[in-house]
Amino acid sequence: MQGLFSYVKRNSPVHRLPAGLKIILLFAIPITVSLTPLWVCLSVMGASLLMVLLARIPISFFLRDLRPIIWYCFMLCVIDLMSFFFFGTTDRAIRDETIALILRLLCAMEVTSVFFRTTSTFQIRESLMAAEKAITFGHSSMVISGSFALFLSFLPSIFLTWSHLDQAYRARGGKAGIRKVVRLLPLWIAMSIRKAGTTWLALLNRSSCGSFETGEI
């Protein structure tokens, strides 16, 4: 099953880009588009779509990855509409500032989607550990890079957990709506915490055997 932000195995030019470069872009692009004119954001959004096509990732996967931010963008629009029609505190139904914020949020989500869809956990870990070795001149236990790699790889994992819960819920005849969220959200949180705890114990066990230093997480 393909959860949100899950890695899609391909042999494309985007997949072969250095993971370290993609990690830098993952953090640098959202900061850049928030500080630059809107045309920069629109250009990055177009470039992200081209990279998805070049990486041969199904467009449906790419669009699904935008779902977590859609409801937030919808609420921003609702707040603007209420301010305009009921309180008269804005001079336009949807303010330019709100549109710009929505576009920048979507841009950041697109970049995140391209990163996780084209970069495996192994590539992330190896790249971070190589950087830590270079910075510390080889004198490091790889704890920082290992922990950061675990942090980056946890996002696709929790969305995959949600996908499993959603599939089981629908298989039993469950309907979409508030009731679904109320029933699945506590299970999602509990399963995610349990998975994080299990992963952490596995890391402690392997690090005690010396595997952590070699990158065998």
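Derivation of every value follows stated rules applied to the coordinates shown; laboratory data play no part. Computed from a predicted structure; not experimentally measured. Here the Cβ is made from the backbone with ideal geometry for all residues, glycine too, and neighbour counts use every protein chain on show.
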Mean Cβ neighbour count within 10 Å, used as a protection proxy, ranking 170-176, 129-135 highest first | 129-135, 170-176
Once the dipole of the stretch 28-138 is set up from charges on Cβ (+1 Lys and Arg, -1 Asp and Glu), the residue from the list P37, F116, F84 lying farthest towards its positive end is F116
Inter-probe distance in nm under a simple model that places probes 7 Å from Cα toward Cβ, at F154 and A168 | 2.1
Using +1 on the beta carbon of Lys and Arg, -1 on that of Asp and Glu, and nothing else charged, what's the dipole of the stretch 1-116 about the Cα centre, debye to 20?
-> 620
Which chymotrypsin sites (Phe, Trp or Tyr not before Pro) does the stretch 88-141 hold that lie in a coil by DSSP with at most 16 other beta carbons within 10 Å?
-> F137
Using alpha carbon centroids, what distance separates the stretch 75-150 and the stretch 1-54, in Å?
-> 11
Burial ranking of peptide ranges 68-78, 16-26 (average Cβ count within 10 Å, highest at the top) | 16-26, 68-78
Go through the stretch 49-110 and name the trypsin sites (Lys or Arg not before Pro) that are in a DSSP coil and have 13 or fewer other Cβ atoms within 10 Å of their Cβ.
-> R56, R92
Distance in nm between T36 and A134 label points, each 7 Å along Cα→Cβ, equals 2.3
